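The values are calculated or read from the model by the stated rules, or taken from the named source; none is laboratory data. These numbers were taken from a predicted model, which means no experiment stands behind them. In this analysis, Cβ positions are derived from the backbone assuming ideal geometry, glycine residues included, and neighbour counts consider all displayed protein chains.
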Amino acid sequence: MATLKLEIVTPEEKIYSEDVDMVTLPGSEGELGVYPKHVPLLTTVVPGELRVLKDGRERSMAIGEGFVEIKADAVSVLTDMALESEKIDIAAAEAAVERAKAAMREDHTAEEVAAIQASLQKASESRGIPWHYLQAINAGFFDSASLRSE
């Protein structure tokens with residue numbers, strides 16, 4: 001069976017580099033599923049859940065904003081943040097969510113309030129990696145390094 005070479009790179013390091021069966025990316029127009037022999041494409045990714053299918057098992061990863069280059073035999077993701085779901089420190093993430101909620105009680109412009117409310121609303125749409133953790137990361141309430149449970 002054909003595979004794809006998936007590489008995920010952040011400004012700090014190469015997070016992932018393996019052959020996979022399929023990858024699902026969070027795109028600006030919705031999820032993008034990529035199998036081997038996909039048509040070449042260059043597009044943006046948005047903060048969300050990246051899923052990898054390899055040897056019949058699915059793994060999840062939280063990613064931030066960035067770009068993806070898709071070729072017939074490779075997928076390269078360049079993102080500002082990537083963190084495997086099992087490495088997320090839940091306590092740190094929950095603290096960040098509390099900071100986001102506290103920020104809602106402060107004076108903000110209408111645009112800021114809408115952005116914070118949208119971030120918290122996504123928590124109810126969680127799939128694998130809680131959306132409110134991703135939104136707290138991308139809203140700047142903490143950086144991805146503070147989430148690692150290593």
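When region 24-52 is examined, which residues are found to be among the β-branched types (V, I, T) and under 13 Å from T79 (Cβ atoms)?
Passing the criteria: T43, T44, V45, V46.
Could you grab me the full set of residues in region 1-14 that are surrounded by fewer than 18 Cβ atoms within 10 Å (Cβ to Cβ) and of a type outside the set (K, R)?
M1, A2, T3, E7, V9, P11, E12, E13
Going by what's in this entry, would L53 be described as at pLDDT 65 or above and of a type in the set (A, V, I, L, M)?
yes
Assess whether E31 counts as being touching a Ser or Thr at 6+ places or on another chain (Cβ under 6 Å) and in contact (Cβ under 8 Å) with a residue 24 or more places away in the chain.
Here the answer is no, as E31 does not meet what is asked.
Scan (1) modelled with pLDDT under 90; (2) surrounded by 13 or more Cβ atoms within 10 Å (Cβ to Cβ); (3) among the hydroxyl-bearing types (S, T, Y) for the single condition T43 breaks and write down its number.
The failed condition is (1).
Only strands (runs of 3 or more DSSP E) wholly contained in region 26-81 count here; list those with 2 or more residues that are in contact with a helix residue (DSSP H, G or I) (Cβ under 8 Å, 6 or more places away or on another chain).
The strands (runs of 3 or more DSSP E) meeting that bar are 48-54, 57-63.
Take the conditions exposed (fewer than 12 other Cβ atoms within 10 Å of the Cβ) and at pLDDT 95 or above and apply them to P36. Does it pass?
no
Tally up the residues in region 51-87 that are over 16 Å from T3 (Cβ atoms) and small (G, A, S), please.
Final tally of qualifying residues: 6.
Looking at the structure I just gave you, is P11 of a type outside the set (A, V, I, L, M), modelled with pLDDT under 95 and in a strand (DSSP E or B)?
no
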